[in-house]
1. Under 9 Å by Cβ, and 6 or more places apart or on different chains, what pairs join a residue from the range A:125-144 that is open to solvent by 70 Å² or more (accessible area, probe 1.4 Å) with one that is assigned to a loop (DSSP other than H, G, I, E, B)?
2. Restricting the range B:98-137 to residues that are within 21 Å of A:Pro6 (Cβ to Cβ) and of a type in the set (D, E, K, R), which is farthest from DNA strand D (Cβ to nearest atom)?
3. For A:Gln29, state whether it is among the polar types (S, T, N, Q), open to solvent by 20 Å² or more (accessible area, probe 1.4 Å), part of a helix (DSSP H, G or I) and within 11 Å of DNA strand D (Cβ to nearest atom).
4. Quick check on A:Arg140: is it away from DNA strand D (no atom under 16 Å from the Cβ), closer than 30 Å to B:Asp27 by Cβ and basic (Lys, Arg)?
5. Identify all residues within the range B:100-122 that are at the interface with chain A (Cβ under 7 Å from one of its Cβ atoms) and either closer than 15 Å to A:Asp8 by Cβ or of a type in the set (Phe, Trp, Tyr) (or both); write none if there are none.
6. Before we move on, is B:Leu100 under 16 Å from the mean Cα position of the chain (by Cα) and at pLDDT 95 or above?
7. I'd like to verify a number: residues in the range B:73-92 that are within 13 Å of B:Ala57 (Cα to Cα) and more than 7 Å from DNA strand D (Cβ to nearest atom), how many?
8. Evaluate the range A:80-89: report whether one residue or more is part of a helix (DSSP H, G or I) and basic (Lys, Arg).
There are 2 protein chains.
Amino acid sequence: MQDDAPFDLRDFMPYLLNQAADASSRDFQSYYKGKYGMLRTEWRVLFHLGRYGAMTARQVCDRAGIHKTKVSRAVAALDSKRFVRREEMAHDRRHEELHLTAQGRSVFADLTQEAQRFDAAMLAEFTETEVKQIRAFLTRIARL
Amino acid sequence: MQDDAPFDLRDFMPYLLNQAADASSRDFQSYYKGKYGMLRTEWRVLFHLGRYGAMTARQVCDRAGIHKTKVSRAVAALDSKRFVRREEMAHDRRHEELHLTAQGRSVFADLTQEAQRFDAAMLAEFTETEVKQIRAFLTRIARL
DNA sequence: AGGTATTAGTTGCTTTTGTAACTAACAAGC
DNA sequence: GCTTGTTAGTTACAAAAGCAACTAATACCT
């Protein structure tokens, strides 16, 4: 193709975003996978419970925007690792409230700290204004 | 370092990047999937061949940073769709040069145009300066 | 009350990805 | 020329994601 302004993949925002997302996740992912054998969805569910308190699987789905089958399997995994405990709710036996165990809380604390460390390291080379702009941009793209 | 500024997922750059990447890819992905039954790797391989000319699978791997098994499968798929044609190289029968067929070229043209349209639409709400900063930021994160 | 519709959550099956082992062709050293 | 090593590409198997059907409990409607 011999266009005037040939379109390069690096000019394509979804491509750039995906590459950046992959690169930025890699190290952190290998941390929680290596240390706790956790998957990404498990980390997200754990995070939500640790950060916002006990809630049902449905609430995790809504808050985190993850499909219920993924949450269901993540909870099963976290349960078998004893990071999460299920508590059946009396008034409606369909629901079960998910609580972090003591171990779960300590994993949450560790991962959160590590996440903050990663984040700080990644953003260290940018000014505060830049970071603010980036966040605004990404949030808008993601329509969060 | 703790509860003073509670850490939110939206403050975590890998999360933000992933959400933005997913959101930005969704529509374009459903376009090439719906219209041509293509997968992401197939689109990328097709793009490389269309944009940079015929090359071997290995060269696609290197240029695009995709693992050879993924490329191998993508090429097989593109071949069976008759978007790509394999040409064995005389001096070394291990290599085969990949060429777009006429059909492949027209799909490439369509997808490239569509990609540019998507990109323009996505970036329309940002100033040129902002876009430049974003690109610089993402490129740096992705270490391209 | 009794049938229908919803909602929470799980399970099964299919598609896609990731990893590692494998084949085939060539190159190099002895 | 034969053994060893490399490189291109494929295949086989395992992990994970996506989607749809399913179970169980409750709500709604007449």
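The values are calculated or read from the model by the stated rules, or taken from the named source; none is laboratory data. All of these numbers come straight from a predicted model, not from anything done at the bench. Cβ atoms come from the backbone with ideal geometry, glycine included; neighbour counts cover every protein chain shown. Please note that ligands, DNA and RNA were not included when accessible areas were found on the heavy atoms of the full protein model with its side chains. Shrake-Rupley method; radii C 1.70, N 1.55, O 1.52, S 1.80 Å.
1. Matching pairs, first to second residue: A:Arg140/B:Glu125; A:Arg140/B:Phe126; A:Leu144/A:Gly65.
2. Filtering the range B:98-137 for residues that are within 21 Å of A:Pro6 (Cβ to Cβ) and of a type in the set (D, E, K, R), the one farthest from DNA strand D (Cβ to nearest atom) comes out as B:Glu128.
3. yes
4. It is true that A:Arg140 is away from DNA strand D (no atom under 16 Å from the Cβ), closer than 30 Å to B:Asp27 by Cβ and basic (Lys, Arg).
5. Within the range B:100-122, B:Thr112, B:Ala115, B:Gln116, B:Asp119 meet the criteria.
6. For B:Leu100, the condition - under 16 Å from the mean Cα position of the chain (by Cα) and at pLDDT 95 or above - is not met.
7. 9
8. No: the range A:80-89 contains no residue that is part of a helix (DSSP H, G or I) and basic (Lys, Arg).
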